Amino acid sequence: MMARSAFLKAFVYIIMALILMPLLVVVGVSFNPTARFIIVPLEPSLHWYSEFFGRSEYVGSLFLVSLPLACLSAALATTLGTLVAIALVRFNIRGRAYLESIFMIPILFPSILLGAALYLFFARLEMAGTFVTLVIGHTLIGTPFVIRVVTAGLSGINPAIEEAAINLGYNRLQAFFKVVMPMLRSSLVSGAIFAFILSFSDINVSIFLSGPHTNTLPLHIFSDIQWQGDPTIAAASTIQIVVVTSLILLAQRFSRARLVF
Amino acid sequence: MPASLWLIGPYFLALVVFLALPLSNVLQLSFYTYSPITIWTTDLTLQNYHKIFTPYFAKITLRTVRIGALATFFCVLLGYPLAYYFSRCSKRSLSVGMFILVMPLMVSAVVGAFGWIVILGRNGLLNGLLKTLNIDADSSILYTETAVVVALVHFLLPLMVLPLMASMEKISMRLEEAATNLGASPLFIIRRIIIPLSRAGLVSGCLLCFTVAISVVVTSALLGGRSGRMLGNEIYDQVITAYDWPFASSLAIVLVTLIVIALSAALVAARRGNRTKGMRS
């Protein structure tokens, strides 16, 4: 009843528009031909995009840092997270509830503390600012989400199917890879996509862990805004928006699992 | 060795080595003495903690809590109607709404902050709009606490709406219908049915919003200017620019303490909610 009230509906629509506005403003500015931040360009131009692809520091931050980093940490997070999920769902472990909450710590733990703590730790070991440290940080923030998604997916698969496969002659590993894995695919893919997005859009960890040659794209956008750069910032931001939105859409196609924190 | 240990082991080890060890390192550093030459010496001291109580850093800590509380408050204010609507709407509007809602959080706080700079700046969209309405707008809210709160609410909203929705979806529509049939006004239904029964979601939403809000760096650095600096900015500057790692560590411990306080408050609130529910039934 209340849910159908026009007043509530209008409120929701206004808020949705306000949420989209800053992102649309960024997209608008990226197509403007001048060096000013004009929001509705009357003569759209791709000038700032050619500028983006002409600058090696931007291209490098996207193709040599952000994308490989997100792929690698998503792969690692998916592997670690899936192993944990299997143990949590398929094995009777003592203190399971405690373990589960321990495994979720990186979600509640603010990522800037994780970044700062890792930086100070690696600085003491004299290995701060390398690509490896970034991969470690991003794998840590991605894994809990994979555990959530895969645990949910695995709970929906009847263990009897696995047992049947084992009775018919598969060993445990074969039963997992040939029988369970195909059914688990959508959870695995959406878990991996979320881990990818978390790494790709992270700034709190990378602001501490990246060195001079490992600036991620969001980090480069950040420093360019601070130095009062030109609308190339808008073009870079739009590329960030396009990559992330298409991945969210892809994840939505693969699973109806909602991202519940 | 049991198989489950092999499965859990790698992640558990990663948590110990890359989370527990770095944190104990921070705790240890926070008691070391700062030295301009070697960054720290192992002489134990409480000086780093004393420094937090100097007026400048006390002000920053208070401001951090204030900004976090304000952002959480506005998330509750906007989040409740949104969560109610989305827990009662069609599948189609739900998926479109969720998509829009999580976008700012997923795309990166930097991009959202840049959008707000363009909107709130002196020659930005907002001032232009006010000018066409003949309202004189010479100042702007960019580089103030208000701007930080606005940008925070923008990307924290899903962290409030999703837990709220999770608990609102469990409230049966029949309950509302029954109340309406018995003559309850919408306001009464909200106060006596919706809010009490969605308490668990509210508590976890507030906890999430507050913890993320008090630990931002980028949003306050870009939109807060000099007058909007928060603990995160100080930690970053002390680590990267000033190289005063012992003091940075004590600031980080302050942040952890704030989060632990918020967490315990949330646990108490959740438990109290359970007790009253038990008494009623």
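Counting other beta carbons within 10 Å of each residue's own, what order do A:H220, A:H47 fall into, fewest first?
Neighbour counts put them in this order, fewest first: A:H47, A:H220.
Across the residues of A:20-28, average count of Cβ atoms on other protein chains within 10 Å?
6
What does the charge dipole of chain A about its Cα centre add up to, to the nearest 20 debye, if the Cβ of each Lys and Arg holds +1 and the Cβ of each Asp and Glu holds -1?
Roughly 1000 debye for chain A.
Give me a single rounded figure for A:232-239: the average over its residues of other chain Cβ atoms within 10 Å of their Cβ. Mind showing how you got there, number by number?
Details: counts 0, 5, 4, 0, 3, 8, 1, 1.
Counting other chains' Cβ atoms within 10 Å and averaging over A:232-239 gives 3.
Taking θ = phi - 60°, what integer Hz values does the Karplus form 6.51 cos²θ - 1.76 cosθ + 1.60 yield along the range A:46-54, in sequence order, with x for Gly and Pro?
9, 3, 6, 6, 5, 4, 4, 6, x
Where a Cα-Cα gap under 15 Å defines reach, which aspartates and glutamates qualify for B:K59, not counting those fewer than 8 residues away within the same chain?
Leaving aside aspartates and glutamates fewer than 8 places away in the same chain, those within reach of B:K59 are B:E145, B:E234.
What 222 nm value per residue comes from the helices of chain A, counting each DSSP H run with n ≥ 4 as -39,500 (n - 2.57) and dividing by all residues, nearest 500 deg cm²/dmol?
-22500 deg cm²/dmol
Put +1 on the Cβ of every Lys and Arg and -1 on every Asp and Glu Cβ in the protein assembly as shown; which of B:G68, B:L120, B:L44 then has its Cα farthest towards the positive end of the dipole?
Checking the options against the dipole of the protein assembly as shown, the answer is B:G68.
What is the angle, in °, between the Cα long axis of helix A:67-90 and the longest principal axis of the Cα atoms in chain A? Nearest 10 is fine, range 0 to 90.
30 degrees
Could you tell me which helices of chain B pass both thresholds, a Cα extent of 27 Å or more along their own axis and a mean Kyte-Doolittle hydropathy of at least -1.0, with helices taken as whole DSSP H runs?
TM-like helix candidates: B:55-86, B:145-168, B:245-280.
Whole-Hz ³J(HN,Hα) for each residue in the range B:224-235, computed from phi via Karplus 6.51 cos²θ - 1.76 cosθ + 1.60 with θ = phi - 60°, x for glycine and proline: what do you get?
x, x, 5, 8, x, 5, 10, 3, x, 5, 5, 4
For B:N181 and B:T241 in one chain, what is 0.36 nm times their gap in residues minus the Cα-Cα distance, to one decimal in nm?
Full extension from B:N181 to B:T241 adds 15.1 nm.
Which value, in debye to the nearest 20, gives the size of the charge dipole of the protein assembly as shown about its Cα centre, when Lys and Arg are +1 and Asp and Glu are -1 at the Cβ?
Here the size comes out at about 2100 debye.
Tabulate in residue order the Karplus-calculated ³J(HN,Hα) for the range A:151-162, using 6.51 cos²θ - 1.76 cosθ + 1.60 with θ = phi - 60°, rounded to whole Hz; enter x for Gly and Pro.
Ordered by residue, 3J(HN,Hα) equals 4, 4, x, 5, 4, x, 9, 5, x, 4, 5, 4 Hz.
Could you tell me which of A:I207, A:P106, A:S155 has its Cα farthest along the dipole of the range A:106-238 towards the positive end, charges placed at Cβ (Lys, Arg +1; Asp, Glu -1), taken about the Cα centre?
Farthest along the dipole direction, towards plus: A:S155.
Return the lysines within reach of A:K9: Cα separation strictly under 17 angstrom, same-chain partners fewer than 8 residues apart disregarded; answer none if there are no such residues.
The qualifying lysines are B:K91.
Give the average, rounded to an integer, of partner chain Cβ atoms located within 10 angstrom of each Cβ in A:203-209. Kindly include the intermediate steps, with their values, before the conclusion.
Working: counts 9, 8, 0, 0, 8, 5, 0.
The per-residue average across the peptide is 4.
Which angle from 0 to 90°, rounded to the nearest 10, does the C-alpha axis of helix A:111-124 make with the longest principal axis of chain A?
90 degrees
What list do you get for B:C206, A:C71 if you sort them by fewest beta carbons within 10 Å?
Ascending number of Cβ neighbours within 10 Å: A:C71, B:C206.
List A:S30, B:S167 from most exposed to least, where exposure is judged by having the fewest other Cβ atoms within 10 Å.
B:S167, A:S30
Would you work out the charge dipole size for the range B:50-280 about its Cα centre, treating the Cβ of every Lys and Arg as +1 and the Cβ of every Asp and Glu as -1, and quote it to the nearest 20 debye?
Its charge dipole is roughly 900 debye.
Each reported figure results from applying straightforward, stated rules to the coordinates on display, with no laboratory input. Quantities reported herein were computed from a predicted structural model and do not represent experimental measurements. So basically every Cβ, Gly included, is an ideal-geometry build from the backbone, and we count neighbours across all protein chains shown.
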